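Note sheet for the following structure.
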Amino acid sequence: MLDATRLRTPCLFDKIVSADEAATLITDGMNVGVSGFTPSGYPKKTTLALAKAIKDGKKCRINIWSGASVGPEIEEALAEVSGISGRMPYYAASNKTLSRQINTGSVTYIDQHLSHFAQQIDYGFYGDVDVAIVEAAAINADGSIVLGPGVGNTPMLVKHAKKIIVEVNTSIPLTLEGMHDIYICSKPPERTEIPIYHVGDRIGSPYVSCGLDRITCIVESDIVDHVRNLSAPDDTSKKIAANLVDFLEHEQRHGRLPQQMLPLQSGVGSIANAVLMGLAESKFDNLTMYSEILQDSVFKLIKCGKVTQASGCAFTPSPTVWEMYKEDPELYRNRIVLRPLDISNNPEVIRRLGVISMNTPLEFDIYGQANSTHVMGNRMMNGIGGSGDYMRNGYLTIFSTPSTAKGGNISSVVPMVSHADHTEHDTMVFITEQGVADIRGLSPLKGEMAAHAYEYQTDIEKGKRTVIGVNKFADNKAVKTNDVITADLSVAERQIARVNEMKAHRDQHAVDASLKALKEAANGEANLMPYLIDAVKTYATLGEICGVLREVFGEYQQGGNLF
């Protein structure tokens, strides 16, 4: 039940409506902004009511704008009734119906670097924010909004919204108040630097500015965020974490990292969470984080004293996190700062602080490219998220992933990625459970050769690859330098004789016909394989077949030098 602790001036109670009434404010074709970031701090009741109204016959398809992915009460509920027309700037594959509609083209999806979206709304690039739906812990007497665990793009959506629906959620602890630091950049040419010089610096307000007159209505809610506990680290994740720690220690020993570790950033998901948790057993102390989403491991690292300050745009409110938070709210409130997404992911701040960026790709290749979004190059798995913001601007950029997926049936390390979100210009280090690949200062060609040579040598040393005379059947006897191998020219003479004999007895008419058919096919767009097989069956030689193809396609000539 809403009371004065949540609605802090009497006139706010006059704005309370049902979710069904609030949903009537949303009509076909609108751009609707929603609060939160990942399934954290997002509204639920109004969109569920809208989905029900659409199912009952209301004609309404909307464009959803957010911070990142949101919960099923928005994306799944509306997708299931075909209520979503467009989606920006991110979605996650966990919302299956929306994922399917994006990949079949029935929903228009625009994938973006997350730091870009708020400022582009501010510039008016995408049109009006017709309605903003904001989940809040409370509303102050001046109309400013106390947010929950997710900030995302909420401040910018509220700034530009024509109508604002506030869902005040009584399940959100009021002890979160004061954790937020809301700052909105000015537009060019008035923009100045963002004055964050340390992870814990506070530069804005604990509240989202709004105003009583701009709040259209208030909906009471008590639905908790749809978040599960992340899976415990497995052996593979632990090995990746150990390799990460070894690498960071190596960088310190060589003077490329200061002894007091620079701020860390970690991506989303079980792998990223498990890898970050590996720092609990490391020698590193007084760690700080300047990241996007703060997952379970961050709370555990704060609790055990490893992390002293963490900045993000949201934290993942899993059951484990809420249990830890409620045990000691002051501990986490004093160490966590929640900022707008365009500040948490801002390239300027990431570079100034020297953030060490750690993210997880779907796959990466031997040229140093990484794919974060597409399966087999054509099916969107999820958006690029904030990985590009951090990987293009971090002091040190690390991609970590298991070397295989799907139970070991698919390699995550490929000759060339099927879709490149991060080119070799943005990547520095790759870590799997097998080891570390540091490609800094390597050209793509050298990187490929180095990766192959390293893998080849490691396999020899570990006995995975047998090399006679090196790691097996080695007699350690000196090689006689006067032993010279000479070619037996009679072998070539016998082979030439065999070819001439075969040509003398084959059906030359059939050979000529098959080669003519191959040439005609090569001049068109037909599949050449059947024609090649027919030519071989007539005993056409490899030289004759290649000669025909050379007539049609020409002969490859290498261009200039590589360097």
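Could you list, in sequence order, all residues of the stretch 1-42 that are crowded, with 20+ Cβ neighbours inside 10 Å and touching a helix residue (DSSP H, G or I) at 6+ places or on another chain (Cβ under 7 Å)? Correct list: Leu7, Ala19, Ala22, Ala23, Ile26, Gly33, Ser35, Phe37.
Please tell me if Gln259 is outside any loop (DSSP other than H, G, I, E, B), assigned by TED's automatic domain parsing to the domain that holds Thr432 and free of Cβ contacts under 8 Å to residues at least 24 places away in the same chain. No.
Results for (1) in contact (Cβ under 8 Å) with a residue 12 or more places away in the chain; (2) buried (at least 16 other Cβ atoms within 10 Å of the Cβ); (3) touching an Asp or Glu at 6+ places or on another chain (Cβ under 9 Å); (4) over 20 Å from Met289 (Cα atoms), shown as yes or no for each residue.
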position	(1), (2), (3), (4)
Tyr325	yes, yes, no, no
Pro329	yes, no, no, no
Val337	yes, yes, yes, no
Tyr367	yes, yes, yes, yes
Thr373	yes, yes, yes, yes
Met391	yes, yes, yes, no
Ser400	yes, yes, no, no
Val413	yes, yes, yes, yes
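Of the listed requirements (1) farther than 22 Å from Asp235 by Cβ; (2) surrounded by fewer than 20 Cβ atoms within 10 Å (Cβ to Cβ); (3) touching a helix residue (DSSP H, G or I) at 6+ places or on another chain (Cβ under 7 Å); (4) in contact (Cβ under 8 Å) with a residue 60 or more places away in the chain, Tyr395 misses just one: (3). Any residue at all in the stretch 89-107 that is under 28 Å from the mean Cα position of the chain (by Cα) and of a type in the set (Phe, Trp, Tyr)? Checked against the condition, which is being under 28 Å from the mean Cα position of the chain (by Cα) and of a type in the set (Phe, Trp, Tyr), the stretch 89-107 yields at least one hit.
Applying the criterion of being assigned to a strand (DSSP E or B) and aliphatic (A, V, I, L, M) to the residues of the stretch 147-164, the residue that is nearest to the chain's Cα centre (by Cα) is Ala161. Here Ser266 meets each of (1) at pLDDT below 95; (2) crowded, with 21+ Cβ neighbours inside 10 Å; (3) more than 17 Å from Phe399 (Cα to Cα); (4) of a type in the set (Ser, Thr, Tyr) with one exception, condition (3).
State whether one or more residues within the stretch 98-114 are crowded, with 17+ Cβ neighbours inside 10 Å, in contact (Cβ under 8 Å) with a residue 12 or more places away in the chain, of a type in the set (Phe, Trp, Tyr) and over 24 Å from Pro317 (Cα atoms). Checked the stretch 98-114: at least one residue is crowded, with 17+ Cβ neighbours inside 10 Å, in contact (Cβ under 8 Å) with a residue 12 or more places away in the chain, of a type in the set (Phe, Trp, Tyr) and over 24 Å from Pro317 (Cα atoms). Got a sec? Which of Ile110, Ile26, Ile54, Ile16 is of a type in the set (Val, Ile, Thr) and touching a Lys or Arg at 6+ places or on another chain (Cβ under 8 Å)? Every option except Ile110 fails the conditions. Looking at Lys45, Lys96, Lys55, Lys59, just one residue is in contact with a helix residue (DSSP H, G or I) (Cβ under 9 Å, 6 or more places away or on another chain), over 24 Å from Gly150 (Cα atoms) and not β-branched (Val, Ile, Thr), and that residue is Lys55.
Which condition from (1) part of a loop (DSSP other than H, G, I, E, B); (2) more than 24 Å from the chain's Cα centre (by Cα) is the one that Pro361 breaks? With respect to (1) part of a loop (DSSP other than H, G, I, E, B); (2) more than 24 Å from the chain's Cα centre (by Cα), Pro361 is out only on (2).
Let's see how each residue does on (1) in contact with a helix residue (DSSP H, G or I) (Cβ under 6 Å, 6 or more places away or on another chain); (2) of a type in the set (A, V, I, L, M, F, W, C); (3) not in a loop (DSSP other than H, G, I, E, B):
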site	(1), (2), (3)
Val166	no, yes, yes
Pro189	no, no, no
Pro233	yes, no, no
Lys239	no, no, yes
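Name the residues in the stretch 345-365 that are surrounded by fewer than 24 Cβ atoms within 10 Å (Cβ to Cβ) and farther than 22 Å from Val275 by Cβ, would you? Selection gives Asn346, Pro347, Glu348, Arg351, Arg352.
The single condition from (1) out of contact with any His (no Cβ under 9 Å at 6 or more places or on another chain); (2) under 29 Å from Asp342 (Cα atoms) that Glu327 fails is (2). The condition of being polar (S, T, N, Q) and either buried (at least 16 other Cβ atoms within 10 Å of the Cβ) or closer than 27 Å to Gln119 by Cα (or both) holds for only one of Ser237, Ser231, that being Ser237. Just one of (1) on the phi > 0 side of the Ramachandran plot; (2) at pLDDT below 85 fails for Thr466. It is (1). Any idea which residue in the stretch 69-97 is surrounded by the fewest Cβ atoms within 10 Å (Cβ to Cβ), counting only those that are within 19 Å of Ser387 (Cβ to Cβ) and among the hydroxyl-bearing types (Ser, Thr, Tyr)? Among them, the one singled out is Ser94.
The values are calculated or read from the model by the stated rules, or taken from the named source; none is laboratory data. No experiment lies behind these values; they were computed from the predicted model shown. All Cβ positions, glycine included, derive from the backbone under ideal geometry; neighbour counts span all protein chains shown.
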